[in-house]
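Where a number appears in this text, it was derived from the coordinates with a stated rule and is not lab data. In this text, all values refer to a predicted model and were calculated from it rather than measured experimentally. Quick reminder, even Gly has a Cβ in these numbers, built from the backbone with ideal geometry, and neighbours come from all protein chains shown.
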């Protein structure tokens, strides 16, 4: 849950903060076998996902930079900069970018995560030229003025109030991240930054960050929909081709999580009406740690807490009636370490301690007695089925490709996903669980009404 | 295992398949052998069948003292049916990679089915079971009731949910639309399996049924499967519609105190019916005021120029017996009063001066193009087809829509602005600790 919440929607006023669907389930975009990739001379990687299902086309540009590339004292830059990217260049006036997309019958938005920042538009095919021209223009031509910065800073702070400060559960997630990944460490700080930092960021801070990371050789261009590889190649050469490459420092992520921080966090909040219990383990991703466990962990999350036939649901909700719901989740698309999360919404009469011990019993049982071939297969089937359905949606493909490529994954990794999921054995699942469910890399979190009556 | 082979086979098929040519959405009106009516878009571009359907009568027709009964009943339809208890029913869905769900709006009971076309027999068989032999097992009734009560509690801690609920309760006070579709904890406690069974019998009937299907299926096959799933339901007679709604006649401000740093505000004005001749002019007006995205006046004045909020938007809501124009924003407690002053000023300005020529032209271009943006999956197209039927539109509406928008004149938008954007009957709800906003008694 925590990592999902870390994704900040951009300018999209009124957009709900929708949690990401299971990340790798989306890897099959429409006609994934027809995805093609090439790289321009200046280092811009281009991916084309043609589909003629509807007369629309989506452009997504992802920069390999996110909030985890900030330092304490200057947090919030990546996200603030994402907002300022809509404030004009030498040729496009402030706010004109989105207005132009809209008046051409399209939609646009942007988002910031720990590891990447994305900008996207969906338009009619004959407007692809327009949005590629404008997106290329702001890749190196951004202008930020004090006049535009001042009101936008308030917008960024209002966004944080809406998503985080108004929500006890989101505040608890921030505490969990800090205790799991470390105080003032890349994933231990909020994506939107600390308020005190955001209040102090200057035009010079934002422009320095922009100059350091926004370059064609640090970006991925993904175009999906009603277009062709030839068409995209022509437009990419025309608009992005002339931009100069820049030297970009390699990104680093810590090899370990927090040391010496408490393994438990409790938020008692008068605003809370329903309690929450959750457990968060430090886990390897596709890019960091013992990455060989990344596929088995996806199967583990599914069979442990994916839906109402999962182990946790049956044990906690159906059999013992300690919880109203139970879940587990794991997202491997992270440049650094990630987390394996599980949780329970306790029933009104259930003491937290009893819930915790019942969950502990289930985890221990899985390690001791293993998992059956049948339940592994069901989990695999559900992952594969979700991937098939993801092919039915034009919207889900580009972002998933982008998330994978932005952390150093390859097109071959994306293609091999179903085979790698299908190859997971019951022994792999137990080995992955044993590796991740360690006593030294975890945080247990509880949300209770004030006084913690339960 | 069989399950695995079937899915892997389907996966392999997807990898080989080539997309169909792009084209307009071709809607066929289908009549089944048993006389059921449905709309179909045959689309071989994904190995999937998506169904979107609904029955007349929703939460607004919950009997007195049984608020939430339609919603709880709808939830339980997929919690066990025929010989299959909950876990078995779930497993059958998972094994077929089928997803079946029901939900409730104020006016209708809605359902969706999504299944791989290779597993369509099983998908429609599960649908038949859910519609005709739901079990309402006592343990599942208890579990779902507890979850709904907890969700009602949880909603009370979310300012946006509190604002939404309070707005409906205030705007529709004394009318069935004012009731929470999820019900009240007290009413939910009184609901028993026989009551739920009775409610299912009162709503699940062929009269008033609307069905839309999209995907890799032809007319004859769809007809056969629809007859199987829906054919044994009684013809029945639809429940009476809710009574007429009288819009408020004076402005009203409601403040709900919550210990949060940001106040959430909603403002409702009487809206416009879907069949009103000025509907498309109203769509353009809403786009200019606060619809669409970052081009609107509210976005520009509240967010861009003054940084007063992350979001400021407006939307047209249409119910069977009412219509609203709803504006929403959220701002720090100290600044929410100013944000609302800016919103009111924009309403007045648009009402008095109308839109600029440029705003008007841009709105029409956007509205014409925006429809295609939403056609990105089978289920999205099925939902569109279904909502067209709810709105009483003809199957060829999509080909006529551009002309309908094109025919709107700027004077039409000026007229509809004068009609809709007035302060006399505005209901404002603010949730938080707003400074400088006084509630009306």
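Table for the structure above
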{"quantity": "Highest to lowest packing among B:296-303, B:65-72, scored as the average C-beta count within 10 Å", "calculated": "B:296-303, B:65-72"}
{"quantity": "Likely footprinting exposure, B:272, A:367, fewest C-beta neighbours within 10 Å first", "calculated": "A:367, B:272"}
{"quantity": "Simple spin-label estimate for residue A:183 and residue B:349 in nanometres, 7 Å along Cα-Cβ", "calculated": "4.8"}
{"quantity": "Cα coordinate range in chain A, projected on the principal axes (Å, largest first)", "calculated": "63, 47, 37"}
{"quantity": "Theoretical ellipticity at 222 nm over chain A - DSSP helices of four or more residues, -39500 (n - 2.57) apiece, nearest 500", "calculated": "-11500 deg cm²/dmol"}
{"quantity": "Between helix B:193-203 and chain B: long-axis angle, C-alpha atoms, 0 to 90°, nearest 10", "calculated": "80"}
{"quantity": "Chain A: angle of helix A:203-213 to the longest principal axis, Cα-based, in degrees nearest 10", "calculated": "80"}
{"quantity": "Degrees, to the nearest 10: A:128-140 long Cα axis against longest axis of chain A", "calculated": "80"}
{"quantity": "Inter-chain shielding of B:261-271 (mean C-beta neighbours from other protein chains, 10 Å cut-off)", "calculated": "2"}
{"quantity": "Mean ellipticity per residue at 222 nm, deg cm²/dmol - from DSSP H runs of n ≥ 4 across chain B, formula -39500 (n - 2.57)", "calculated": "-13000 deg cm²/dmol"}
{"quantity": "Relative exposure of B:37, B:189, judged by other C-beta atoms within 10 Å (fewest first)", "calculated": "B:189, B:37"}
{"quantity": "For the range A:2-239: relative contact order, % (alpha-carbon pairs under 8 angstrom, 6 or more apart)", "calculated": "35"}
{"quantity": "Neighbouring partner chain Cβ atoms per residue of B:288-297, average, 10 Å criterion", "calculated": "5"}
{"quantity": "Candidates B:395, B:247, B:83: whichever shows maximal mean-square fluctuation once chain B is modelled as a Gaussian network with Cα springs under 10 Å", "calculated": "B:83"}
{"quantity": "Residue with peak Gaussian network fluctuation, chain B [Cα springs, cutoff 10 Å], from B:58, B:291, B:35", "calculated": "B:35"}
{"quantity": "Mean separation of Cα contacts under 8 Å, 6 or more apart, over the residue count of the range B:185-285: relative contact order %", "calculated": "27"}
{"quantity": "Highest-MSF residue in chain B out of B:80, B:201, B:183 [GNM, Cα springs under 10 Å]", "calculated": "B:201"}
{"quantity": "Shielding by other protein chains, B:362-369, mean Cβ within 10 Å", "calculated": "5"}
{"quantity": "Length-normalised contact order of chain B in % [C-alpha pairs under 8 Å, at least 6 apart]", "calculated": "21"}
